[in-house]
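The structure appears right after this line, and notes come after that.
The values are calculated or read from the model by the stated rules, or taken from the named source; none is laboratory data. Owing to the predicted nature of the structure, the values given are computational and were not obtained by experimental measurement. Methodologically, a virtual Cβ is constructed for each residue, glycine included, from the backbone with ideal geometry; neighbour enumeration extends over all protein chains shown.
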Amino acid sequence: MKLSSAQFKHTARKNLHDVRLQQALHRLQERFVGARAAALTDIDDLPRLRAAATEIRQHALTHLDVYLEQFERQVVASGGQVHWARDAAEVNRILLELAARYQVRKVAKSKSMVSEECGINEMLAANGIEVIETDLGEYILQLAREPPSHIVAPVVHKNKEDIADLFVRHHHRPRTTEIAELCREAREMLRPHFLSADMGISGANFLVAETGSALIVTNEGNGRLVTTLPRVHVAITGIEKVVPTLEDVSVLLRLLTRSATGQSITNYVSVLTGHKRASDLDGPEHFHVILVDNGRSQLLGTELEAMLRCIRCGACMNHCPVYQNIGGHAYGWVYPGPMGSVLTPNLVGLSEARDLPNASTFCGACAEVCPVSIPLPDLLRHLRVRQLEQGLRPRRERGSLRVWAWFAQHPRAYAWASRLAARLLRAVANRRGMIRRLPLAGGWTDGRDFPAPSGRTFRDLYARRTSS
Amino acid sequence: MNSRETILARVRRARTSSDAVIATRLREHPRGPLPNMSEDLLTRFRERAARLASDVQGPLSAEQVPTAVANYLRERSLPVRAVRWPSIGSFEWGTVGMSVEARAARADDMVGITGAFCAIAETGTLMLLSGADTPAATSLLPETHVALVPISRIVARMEDGWDLLRMEHGLPPRAVNFVSGPSRTADIEQTVTLGAHGPYRVCIVLVADAVTGIARPVVG
């Protein structure tokens, strides 16, 4: 997927004035936030379940090498094959080799964010292989030639009228804006592709080390179709997705689906182990798993390791006041919202995504809703420090921080300067105690008034209280 | 160094793994916190399955099953031709005017009849295993999925399903599918629509008697 994180500010500003996008984001927030809250009331002891989920993911990361090797052994034992890919280029090379080996002309895909990372659709198409996205949202995006704007609801930025227009252009059928009719139309257009595809590509929500299984969580059934009907199934996923046992999966599922869409369980949870057995009536003849590193292993053992616990539920973005206002495209890559603001700089380079660690008010909602307790604001703060150390922030910002740091280390000067500032601000405020326009703080005062301080500093008040 | 070795070396640089800890975890596969369930399993299963938009019938005796299935289909003006898991035996489909074939499902099949390995009361979910006599596509390609589930195979939670799987099969088959109602999508305006790429409706017929072939796949 093309990287455009560098245009963050520009896109964010544009999106803030896009009325239809704002309506769509409002709807997302209304549905997903409410549904999650309602679904979690079903859990008897949420803190305990969350601690257990966190422990499972952290345990798997702590012993990642051994679990990956165990997973590989089990895949081989069930007749499958594991491929290791250092980066996107290697994923594409492996896929192309597999496509050649099995004479693949058509690929049916279910939703996979890792495949978006690697840009496999463009690569396959460039090599003369037809690729069909079969998740309804991803199919719509493929027709529109747009990237996803949410990891669970990829087409959240479009309304039904947009989709109706798109379908008329591509399907040449009478226009309908009935959602059920649109879904039926997509089903009828896609069914022949499931039946004629040579290869099915899926992601994996989890890999189970105990059994060598790839597990996928879906609602539409397309994930089941692409892993059942084509001759070849390839699951592409990150190395961090491995968990020890089937029991661990059960714990994580209880939180994943509730956090993502507010469902107690998704319609389908498929645990896929190896290829079709000798006497089976259906299933793929070949089973391959591509384990993708693409920058993940460099997070291990660092302050950012906790990010690898992520189970991609999307709750952090659904609850983020920044995401809720600017939408997913502003983040400029595969992963939006707080989790994307941590992942993207790490996977594509901090200098390519310098606004993302700052796209947060640090309100902490993301960390509060994260089912695997990832301290997202802490990780973002860490990236901000790293940016400053690498000289990636504007000179004026660095200069201001240096000035502030000097004052903060000289208490007398600090007291004097803050007393002066408090009085000055008080003096320029209007009768309601508000400041309409403030030099160097246009970002604040362009949109709203700045409340002036009372004129006395905390130190003044404290000194008076303790003396009386 | 090939990619496998490179990635594992990068991972190992940051890890201190203890094989003993891992071997124990894999062998004992400890359960996490389990949800409490006050109701009995049958009540819980029926209530949860209905909540996920499955149509639940019964419990019925084995003889009542064909009539119930035929009525379900006719009430909805659905065809009474169906494909079934070859594992399902001993039902008199012909006497209720149904034509039921035992084979793998095809794209033009409108009704698929399966059993279930077990059913999970916690969420109202069916657990299906692929196998020689229990193909995976029967519950997927047709627009209507009818599942026959003996009430003796309703277990409390997913973890009980894993235990049954280990006990009765050892290793998992190619596909373990948990099915919780008709396929659905909320991709367009976050509006839930039933019937995406899989079935539009799931009819669960609870069966009171033990019937061979509907719960455990008969390995052929």
Next on the checklist: Looking for something more than 7 Å from chain B (Cβ to nearest Cβ), in contact with a Pro (Cβ under 7 Å, 6 or more places away or on another chain) and under 21 Å from B:Arg174 (Cα atoms) - is there at least one such residue anywhere in region A:284-293?
Outcome noted: yes
Item to check | Hits in region A:438-458 (condition: surrounded by 12 or more Cβ atoms within 10 Å (Cβ to Cβ) and in contact with a Phe, Trp or Tyr (Cβ under 9 Å, 6 or more places away or on another chain)) | outcome: A:Leu438, A:Trp444, A:Phe450
Checklist entry - So which helices (runs of 4 or more DSSP H) stay within region A:84-154 end to end and still have 1 or more residues that are more than 14 Å from every other protein chain (Cβ to nearest Cβ) and not polar (S, T, N, Q)? => result A:88-101, A:113-118, A:120-126
Next on the checklist: Quick check on A:Leu425: is it modelled with pLDDT under 95, in a loop (DSSP other than H, G, I, E, B) and surrounded by 13 or more Cβ atoms within 10 Å (Cβ to Cβ)?
Outcome noted: no
Checklist entry - Restricting attention to region A:267-282, and to residues there that are surrounded by fewer than 23 Cβ atoms within 10 Å (Cβ to Cβ) and in contact (Cβ under 8 Å) with a residue 40 or more places away in the chain, which single residue is nearest to the chain's Cα centre (by Cα)? => result A:His275
Checklist outcome for this item: Note: among A:Glu210, A:Glu178, just one is more than 28 Å from A:Tyr335 (Cβ to Cβ), in contact (Cβ under 8 Å) with a residue 40 or more places away in the chain and of a type outside the set (A, V, I, L, M, F, W, C), namely A:Glu210
Checklist entry - Applying the selection to region B:196-208, what residues are facing chain A (nearest Cβ under 7 Å) and among the small types (Gly, Ala, Ser)? => result B:Ala196, B:Gly198
Item to check | Residues being among the aliphatic types (A, V, I, L, M), at pLDDT 95 or above and either farther than 30 Å from A:Glu303 by Cα or not in a strand (DSSP E or B) (or both) - total across region A:65-83 | outcome: 4
Checklist outcome for this item: Among helices (runs of 4 or more DSSP H) entirely inside region B:1-73, those with 3 or more residues being within 13 Å of chain A (Cβ to nearest Cβ) and basic (Lys, Arg) are B:3-13, B:41-51
Checklist outcome for this item: Contact list, first residue from region A:13-25 and assigned by TED's automatic domain parsing to the domain that holds A:Val152, second anywhere and not in a helix (DSSP H, G or I), beta-carbon distance below 7 Å, six or more apart or interchain, is A:Asn15/A:Gly327; A:Arg20/A:Asn159; A:Leu21/A:His157; A:Leu21/A:Gly327; A:Ala24/A:Val156; A:Ala24/A:His157; A:Ala24/A:Asn159; A:Leu25/A:Gly327
Checklist entry - How many of the residues in region B:191-210 are part of a loop (DSSP other than H, G, I, E, B) and more than 27 Å from A:Gly262 (Cα to Cα)? => result 3
Next on the checklist: Checking the conditions here, which among A:Val369, A:Val385, A:Val403 is within 30 Å of A:Met339 (Cβ to Cβ), without any contact (Cβ under 8 Å) to a residue 24 or more places away in the chain and of a type in the set (Val, Ile, Thr)?
Outcome noted: A:Val385
Checklist entry - Got a number for residues in region A:431-467 being modelled with pLDDT of 85 or more, within 15 Å of A:Ala421 (Cβ to Cβ) and touching a strand residue (DSSP E or B) at 6+ places or on another chain (Cβ under 9 Å)? => result 4
Checklist entry - Can you tell me how many residues in region B:137-178 are within 20 Å of A:Gly274 (Cα to Cα) and part of a strand (DSSP E or B)? => result 4
